[in-house]
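Asks: My structure is below; once you've seen it, I'll send some questions.
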Amino acid sequence: MERKGLVLCSVVAFLAVLVAATGFAAEATRIKASEVKFVSTTQCSYPRSPALGLGLTAAAALLIAQIIINFATGCICCKRNPQTWNSNWTKALVFYVVSWFTFVIAFLLLLTGSALNDQHGEESVYFGNYYCYVVKPGVFAGGAVLAVASVIFGIFYYLSLNMAKNATGPWGNAPIPNQGGIAMGQPQFPPQSSQDPVFVHEDTYNRRQFT
């Protein structure tokens, strides 16, 4: 792997670790149902929680990692050429689709979980005739797992696309096959004189023989 690819993979891997750490930390510090207090018939009291900042940090790190990968590789659909289709290209396309699919789900889970953590969510806590809402367990953890998977598939996409590019040369130009060691040279024939043959009369030849 060239130095540029090594640096890119290292940066993206660091962002994946950051997403996982902040995502699971947000899951651990999210507001629980037991922590919500019913103040009045129409009001709930929520404690302060760092889950909002942690979840937003995880979502931002995931977004930056996705931007870095796609900026380095470019649009795979724009570079597609039917004459260069191979196994590496197929793998790159699969990794590209899976990476974006997991990214969208993870980003939405982390972002909405963070926004709804303080006052709203999916799981309801019933106090008399009023409901206080909290984020359902597993939202931040699921977003963190899918975010790490998205980054891993993004790295696989980057590596597979580079292998496909190296296997086919510049996009659309297949490498020149080996010519089997055939050497080009001059034909191996003795040189021929460009002068026309000279005919000598028989009497002249006999006189030269006796002189």
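Asks: Would you please give the residues with an amide H less than 5 Å from that of C44, counting only those at least 5 places away or on a separate chain, with H modeled from the backbone geometry?
Replies: Amide H neighbours of C44, under 5 Å, 5+ apart: V39.
Asks: Between K4 and A28, what FRET efficiency comes out of the Förster formula 1/(1 + (r/R0)^6) with R0 = 35 Å and r the beta carbon distance, rounded to 0.05?
Replies: Details: r = 37 Å, r/R0 = 1.05.
Computed FRET efficiency for A28 and K4: 0.40.
Asks: Can you list the lysines whose alpha carbon is less than 21 Å from that of K165, not counting same-chain residues fewer than 8 positions off?
Replies: List returned: K4, K79, K91.
Asks: Hey, another quick one. So how do K37, K136 line up by other beta-carbon neighbours within 10 Å, fewest first? Intermediate results must be reported in sequence, preceding the final value.
Replies: On the way: K37 12, K136 16.
Least to most surrounded, the residues fall as K37, K136.
Only the coordinates and a few stated rules stand behind these numbers; no lab work does. If you're wondering where the values come from, they're calculated on a predicted model, not measured in any experiment. All Cβ positions, even for glycine, are placed from backbone atoms using ideal geometry, and neighbour counts span all protein chains on display.
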